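J.: Structure below; questions to follow.
None of the figures in this text is laboratory data; all of them are computed from the coordinates on show. As the structure is a prediction and not an experimental result, all values here were calculated from the model. Using ideal geometry, Cβ is built from the backbone for each residue, glycine included, and neighbour counts are taken over all protein chains shown.
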Amino acid sequence: VTEIIMHNRIQSKKLFDVLQNYKREEAGKVVVYTTTMGVVRETYQDCVLVKKILRNLMVKYEERDVFMSRDTQTEIRERMGCDTIVVPQLFVEGQHIGNAETVERLNESGELRRILKPFK
């Protein structure tokens, strides 16, 4: 049991360090993980929707396409702490905001505009 607790603490510390690094690296940035592969229509449409919302809010953002880069796939897995890649995912200054559903809900409430105001 003690070994499991120690292992979990080490894993938590590693994840915390990774997340802190992204916060430093992405200070002042909006990053959206997407895919340009249209095979799974719903996923592709969700990516298009999030990018459209960001454009409508006139936000400058960096797009990272998981279809085009294995490094980007590894990066999003690391950031989300799981093996399954689910896109789109929005990050602001290294902080995870959410998926398409969350972004759409925040946009409809006006909260997204407030969060992204500094990034126009």
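J.: If each residue's Cβ is checked for other Cβ atoms within 10 Å, how do Arg64, Arg113 rank with the fewest at the top?
T.: Arg113, Arg64
J.: To make sure I understand, if each residue's beta carbon is the centre and we count other beta carbons within 10 Å, what order do Arg55, Arg77 fall in, fewest to most?
T.: Ascending number of Cβ neighbours within 10 Å: Arg55, Arg77.
J.: Let me ask something additional. Can you list the aspartates and glutamates whose alpha carbon sits under 14 Å from that of Lys117, skipping same-chain ones fewer than 8 residues off?
T.: Qualifying aspartates and glutamates at Cα under 14 Å: Glu93.
J.: While we're looking at this one, here's another question. Kindly put Leu49, Leu90, Leu54 in sequence by how many other C-beta atoms sit within 10 Å of each C-beta, fewest to most.
T.: Leu49, Leu54, Leu90
J.: Just tell me which aspartates and glutamates come within less than 13 Å, Cα to Cα, of Lys52; anything on the same chain fewer than 8 places away is out.
T.: Cross-link targets: Glu63, Glu104.
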